[in-house]
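First up is the structure itself, then whatever we jot down about it.
The values are calculated or read from the model by the stated rules, or taken from the named source; none is laboratory data. Just so it is clear, the model here is predicted, and its values are computed rather than measured. Every residue, glycine among them, receives a Cβ derived from its backbone with ideal geometry; neighbour counts consider all protein chains shown.
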């Protein structure tokens, strides 16, 4: 039996995708690989594999002690993907960015959730053969499509008018997530209901905090900012929506997209190269507010397009299935132990 030590503080800050990805992986391994692997969390005990999900300084120090086995680093972000997320003094930013790459270089193997970032890591001097692509996934036990009657009841519970066309956005309230564009769309489409689920997970150091906080406190009449919501409630929000829109400017592989797919909710994203590598054919995309507006108006006036994109979401969800990912992770872990 493989002994795997997980190192993570991802669940300490609510409302961020790293925590969701970590929670999903732990659940998957315990559910699908029971009897094949033994998982410990933040114990610093001897193990065949040490899997680092977050880059805490204490975890970095642990890599210098014996008994760690093969050191695996999970790449949930790169320095450039932090741009537009946090507002830091330039010297602090420089130190943080240097530390992120130092942590990754300290690993024996890195796992990326999007293959497009293999080249980015190579630019930092990390060899390609030290990088493995394994996509994110979500459990169908937690995210699934509900019936029409159930969806109507959910809307009533969430205070959403039944006959409104609902556009859902999910993520931290910050510039990088494209929240200003989401707000602008709400102003341009007053007949739609917009809902953004997420908050200021990192408080006042969030990039664009002052301007965004003003709108969050005084939103347009057709825009709801729910704040940070427990993950157990998120399935209801996806089922209450007619379409999921993520106008983010930079991502790796957002868990929110997979959650929307799993509920059969049509997905609209910003036109980014990174999505083409992993999600091509499963979503609609636009480059700016004007194109997003056109897409949303087309969806509300074309029920058959809604149905088509809903089916594509479910197809995408099938591709990123638990059974498939469980096998991939087990094979990966086993191969790593052979390299020790």
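When 292, 253, 244 are checked against the criterion of being assigned to a strand (DSSP E or B), within 30 Å of residue 117 (Cβ to Cβ) and either touching a helix residue (DSSP H, G or I) at 6+ places or on another chain (Cβ under 8 Å) or at pLDDT below 95 (or both), 244 stands alone in meeting it.
Suppose we filter segment 78-95 for residues that are at pLDDT 80 or above and either farther than 20 Å from residue 10 by Cα or buried (at least 18 other Cβ atoms within 10 Å of the Cβ) (or both); how many remain? So the answer is 7.
Considering every residue within segment 261-273, establish whether at least one is assigned by TED's automatic domain parsing to the domain that holds residue 153, at pLDDT 95 or above, assigned to a loop (DSSP other than H, G, I, E, B) and on the phi > 0 side of the Ramachandran plot. Yes: segment 261-273 contains one or more residues that are assigned by TED's automatic domain parsing to the domain that holds residue 153, at pLDDT 95 or above, assigned to a loop (DSSP other than H, G, I, E, B) and on the phi > 0 side of the Ramachandran plot. Against the test of being closer than 24 Å to residue 310 by Cβ, in contact (Cβ under 8 Å) with a residue 12 or more places away in the chain, buried (at least 18 other Cβ atoms within 10 Å of the Cβ) and in contact with a strand residue (DSSP E or B) (Cβ under 8 Å, 6 or more places away or on another chain), the options 121, 168, 110 yield a single qualifying residue, 168. Within segment 16-53, being without any contact (Cβ under 8 Å) to a residue 60 or more places away in the chain, in a loop (DSSP other than H, G, I, E, B) and surrounded by fewer than 19 Cβ atoms within 10 Å (Cβ to Cβ) holds for 35, 42, 43, 44, 45, 46. Inspection of segment 145-159 identifies no residue that is in a loop (DSSP other than H, G, I, E, B), buried (at least 20 other Cβ atoms within 10 Å of the Cβ) and touching a residue at least 40 places away in the same chain (Cβ under 8 Å). Per the listing 327, 287, 311, the residue uniquely closer than 17 Å to residue 144 by Cβ and more than 17 Å from the chain's Cα centre (by Cα) is 311.
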